[in-house]
Amino acid sequence: MKSRMKKLFALALAGTMVFSMAACSSGGSSDSSSSDSSSSSDSSSSGGEGTTLRVLNWGSTVEESIANDAIARFNEEYPDVTVEQTCVPVTEWSDFIQKWITMTTSGEAPDVINLGLEAAQMAVENDLIQPLDDIVSGDEYLTQLKGEFAESLLTGFSVDGKLYGLPSGTQTMVMYFNKHMFDDAGIAYPEDGWTWDEFYDIAKQLTKDDGSVYGYGLASAFFQLTPWWTSNGAYLTDDDGNPTVNSEGMVESVEFLKKLVDEKITPDPISSDVYTMFSSSQLAMVGAGRWQLDAWQDAGLTNDDFDCVQWPVNKEESSVYGGSAWCLGKNPTNQDLAVDLLKEMVSEETMKATAAGGQQIPPTESLATDPEIMGTTPDNISGLWTAITISKPVCAPTYFGDLQTTFTRAMEEVFSGAQDPQAALDAAQSQVESAIG
Amino acid sequence: MSGKKKKRKNGKETRAAYLFALPSFIGFLGFVLIPVIWVLVTSFQDYNLFTGESTFTGLSNYKEILSDGRSLTALKNTIWYTILCSIGNTGVGLILAVLVDDILPKKVNVFFRSIYFFPSLCALTFVSIIWQAFFQTDSGLINYYLGLFGISEVGWLSSQSMSKIAVLILDVWKNAGMSMLLILAGLQNVDKGLLEAAQIDGAGPFQRFRKIIVPLASPQIFFVLIMNVTGALRIYESIYVLTGGGPGDSSRSLVMLIAEKGFTSFDYGVASALSMLLLVLIAIVTFIQFVGSRWWVHYE
């Protein structure tokens, strides 16, 4: 009898263990979201009379405190309104959407949202945000502001001709180069409009055989790779949003990159930290936006050391832009208050603070070309704004999550030598097609 | 005390015992059993995260994962990790435990125990940056030193054949210290008299290890092995921070694929079906371990 009890007990215990493990497995990625930080600008959550608005923001503590300052200004006008900010670090936009849905299903849907371009179509498709056209046209400041945004940025946040977001910051890719290496090799600095062939020749010349210097540093990431096909007239989707991962132009672009990898003109794109390599003079050229400039200057780079030029051209002059915009939730707690809060988020003061944060490029020409805000390093810093005006948005259809993971995987297959470009992109195309059904 | 009274008291004690067990049972119910049942139900559905609507689709999610090459790759990788990570973690843990048991002076032992245990205390996300720098193909530290010995560059993170090995190295570095600590507790209980007697009878160090230390510490080693096997079946963090599952799918585990299907593609049905697959795998492996343990684990 006793031993039978013991056996039963052991069985129950084993069962419990198995189940606990399964439970852990299905929540595998929960730890990635545990670093969420929530803060409340007004922690004394009112005596029940005031309205509570919720802001869903993304970024670091810098972005969080910039938004908190904006909320404080809003609270000067509406002291009775409590505004709660949730600021999450974003590595993948699908995580951000996940957080949003969690908030919504637990009855705390955000009213004002800072949304990345990558997630905009997804949010519109799933009816999470509302169009802003009427709000903008009925407001003097917003109408004037809208006129200052780069047209390309507004396009990125529009769906079917309706505007869904007011840009707060943007990002692009230009080609940075190490001046000393060009001088030492007697090569003239590249100029806007230079071609892929010129780029290839220069990069090859500047690569040293002993592996101490590479002509170019390729980073195998979705955004960073994009200018290589926009400048080849290719794109990951067609005008109707259908995937065109294995189009002729795409394959040509990837074959070009594969050639750079095979000839060791670039270090291994999967494992290399190209931005550190550039600042430690191991690379002659690297593509980046504004986000690296602070780090490079901290590492001691000055105007004498580096400059930037537009992306090399094969078929058309282009690059990529991304960014984020403030949007209004579908059913805000209080529409009028939410609109006023949105206006504070895109007020001149908030925009200037965001721009001074140093990571993003401001979304209006006047701010983005203002040396006081953008600094004067490198010499051609205004080239960043030029790049935005000629760029295409980072490809972000409603199925962005699937497209990004599938495509990034395909590029790894190519760079690790497991598949040739055509085969990898064919496979990626059919995987994306089956994922979107 | 009369018999009746005793019985009543027993009933009271039983009730108290149940009450004490209740909180953890409620926790188990709410956080484990009900979610598992929910996952089981979802695995037969097409669940729309945005609208909350679900439609019954029968076995189609299971058909999808069984016909998808990616799930099979992830399954193969998971089995690879389960075998090598658990052997690595338990084996290295056992060796370290023997080394820091009582061979060296006490103070030196304590010093090395702390050093070997230290990785278990670090958050992997922080140290992953250092490991990524170590593993870089063209400017990494490991390849630099290998180069000094004339070994050509290894694509630790960029070649499909090496990525799992890089994850294995990180995982063993991270977890072997914990195994060491647990096995060490078992070794401390080994009767030193037995070892001395064996030594007098002419048993060498390896024989003493094989015939005395391992059998006597086998309950602890078994516990550590179970922990490591179940840990390896659920391996996620070590891969996420190092390779992200790549290049391609070469280092992706089942849990990573579940996370991708669930939280990137928002395909909860398929993610749930994959979770059930993993559940069955864990159940089978755990069962085999318990049955197999009869032959080598000695409880006193």
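This table checks each residue for (1) crowded, with 24+ Cβ neighbours inside 10 Å; (2) modelled with pLDDT of 95 or more; (3) in contact with a helix residue (DSSP H, G or I) (Cβ under 8 Å, 6 or more places away or on another chain); (4) not aromatic (Phe, Trp, Tyr).
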| position | (1), (2), (3), (4) |
| --- | --- |
| A:THR386 | no, no, no, yes |
| A:SER391 | yes, no, yes, yes |
| A:TYR399 | no, no, yes, no |
| A:THR408 | no, no, yes, yes |
| A:GLN419 | no, no, yes, yes |
| A:GLN429 | no, yes, no, yes |
| A:GLU433 | no, no, no, yes |
| A:ILE436 | no, no, yes, yes |
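Here's the yes/no breakdown for (1) touching an Asp or Glu at 6+ places or on another chain (Cβ under 6 Å); (2) among the β-branched types (Val, Ile, Thr); (3) more than 10 Å from chain B (Cβ to nearest Cβ); (4) crowded, with 18+ Cβ neighbours inside 10 Å:
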{"position": "A:ASP239", "(1), (2), (3), (4)": "no, no, yes, no"}
{"position": "A:ASN242", "(1), (2), (3), (4)": "no, no, yes, no"}
{"position": "A:SER247", "(1), (2), (3), (4)": "no, no, yes, yes"}
{"position": "A:VAL254", "(1), (2), (3), (4)": "no, yes, yes, yes"}
{"position": "A:VAL261", "(1), (2), (3), (4)": "no, yes, no, yes"}
{"position": "A:ILE265", "(1), (2), (3), (4)": "no, yes, yes, yes"}
{"position": "A:VAL286", "(1), (2), (3), (4)": "no, yes, yes, yes"}
{"position": "A:TRP291", "(1), (2), (3), (4)": "no, no, yes, no"}
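The rows are residues; the columns are (1) in a loop (DSSP other than H, G, I, E, B); (2) surrounded by fewer than 22 Cβ atoms within 10 Å (Cβ to Cβ); (3) in contact with a His (Cβ under 7 Å, 6 or more places away or on another chain).
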residue	(1), (2), (3)
B:THR125	no, yes, no
B:ILE151	yes, yes, no
B:VAL167	no, no, no
B:ASP171	no, no, no
B:PRO219	no, yes, no
B:PHE222	no, yes, no
B:ALA232	no, no, no
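When you scan the stretch A:251-263, do you find a residue that is in contact (Cβ under 8 Å) with a residue 60 or more places away in the chain and part of a loop (DSSP other than H, G, I, E, B), even just one? No - not one qualifying residue is present in the stretch A:251-263. Filtered by the rule that a residue be farther than 15 Å from A:SER247 by Cβ and among the small types (Gly, Ala, Ser), the stretch A:424-437 gives A:SER434, A:ALA435, A:GLY437.
Residues of the stretch B:24-49 that are assigned to a helix (DSSP H, G or I), surrounded by 13 or more Cβ atoms within 10 Å (Cβ to Cβ) and hydroxyl-bearing (Ser, Thr, Tyr): B:THR42 alone.
So which residues in the stretch A:161-195 are touching a Ser or Thr at 6+ places or on another chain (Cβ under 7 Å), closer than 30 Å to A:THR143 by Cβ and of a type in the set (S, T, N, Q), if there are any at all? Result: A:SER168, A:THR172.
Go through the residues of the stretch B:264-271 one by one and say whether even a single one is at positive phi, at the interface with chain A (Cβ under 8 Å from one of its Cβ atoms) and aromatic (Phe, Trp, Tyr). Yes: one or more hits.
Rundown of residues vs (1) modelled with pLDDT under 95; (2) on the phi > 0 side of the Ramachandran plot; (3) in contact with a strand residue (DSSP E or B) (Cβ under 8 Å, 6 or more places away or on another chain); (4) acidic (Asp, Glu), yes/no style:
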residue	(1), (2), (3), (4)
A:VAL251	no, no, no, no
A:PRO267	yes, no, yes, no
A:SER272	yes, no, yes, no
A:MET285	no, no, yes, no
A:ALA295	yes, no, no, no
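Being within 7 Å of chain A (Cβ to nearest Cβ) and either in a helix (DSSP H, G or I) or closer than 18 Å to B:GLU53 by Cα (or both) is the filter here; which residues of the stretch B:247-263 pass it? Once the filter is applied, which keeps residues that are within 7 Å of chain A (Cβ to nearest Cβ) and either in a helix (DSSP H, G or I) or closer than 18 Å to B:GLU53 by Cα (or both), the stretch B:247-263 yields B:VAL255, B:ILE258, B:ALA259, B:GLU260, B:PHE263. Taking helices (runs of 4 or more DSSP H) as the structural unit, those lying wholly within the stretch A:52-134 and holding at least 3 residues that are more than 22 Å from A:THR350 (Cβ to Cβ) correspond to A:93-105, A:117-125.
When B:GLY193, B:GLY186, B:GLY244 are checked against the criterion of being over 18 Å from B:LEU84 (Cα atoms), among the small types (Gly, Ala, Ser) and within 14 Å of chain A (Cβ to nearest Cβ), B:GLY244 stands alone in meeting it. Checked against (1) without any contact (Cβ under 8 Å) to a residue 12 or more places away in the chain; (2) within 21 Å of A:TYR214 (Cβ to Cβ); (3) at the interface with chain A (Cβ under 10 Å from one of its Cβ atoms), B:ILE129 passes all but a single condition, namely (2). Scanning the stretch A:139-162 for residues that are exposed (fewer than 11 other Cβ atoms within 10 Å of the Cβ) and closer than 21 Å to A:MET351 by Cβ, we see that the one that is modelled with the lowest pLDDT is A:GLU151.
Screening the stretch B:50-63 for residues that are touching a Ser or Thr at 6+ places or on another chain (Cβ under 8 Å) and not in a loop (DSSP other than H, G, I, E, B) and picking the one that is farthest from the other protein chains (Cβ to nearest Cβ) gives B:TYR62. Of everything in the stretch B:193-216, what is surrounded by 15 or more Cβ atoms within 10 Å (Cβ to Cβ) and of a type in the set (D, E, K, R)? Give them in sequence order. Answer for the stretch B:193-216, where residues must be surrounded by 15 or more Cβ atoms within 10 Å (Cβ to Cβ) and of a type in the set (D, E, K, R): just B:ARG208.
Helices (runs of 4 or more DSSP H) fully within the stretch A:319-437 that include at least 3 residues being within 14 Å of another protein chain (Cβ to nearest Cβ), hydrophobic (A, V, I, L, M, F, W, C) and over 20 Å from A:THR230 (Cβ atoms): A:421-436.
Do we have B:PHE134 as in contact with a helix residue (DSSP H, G or I) (Cβ under 9 Å, 6 or more places away or on another chain), surrounded by fewer than 13 Cβ atoms within 10 Å (Cβ to Cβ) and either within 10 Å of another protein chain (Cβ to nearest Cβ) or farther than 18 Å from A:LYS264 by Cβ (or both) here? No: the conditions fail for B:PHE134. Residue check: is B:THR55 in contact with a strand residue (DSSP E or B) (Cβ under 7 Å, 6 or more places away or on another chain) and either over 17 Å from B:SER272 (Cα atoms) or surrounded by fewer than 17 Cβ atoms within 10 Å (Cβ to Cβ) (or both)? So B:THR55 fits the description; yes.
The values are calculated or read from the model by the stated rules, or taken from the named source; none is laboratory data. Owing to the predicted nature of the structure, the values given are computational and were not obtained by experimental measurement. Backbone-built Cβ (ideal geometry, glycine too); neighbour counts: all protein chains shown.
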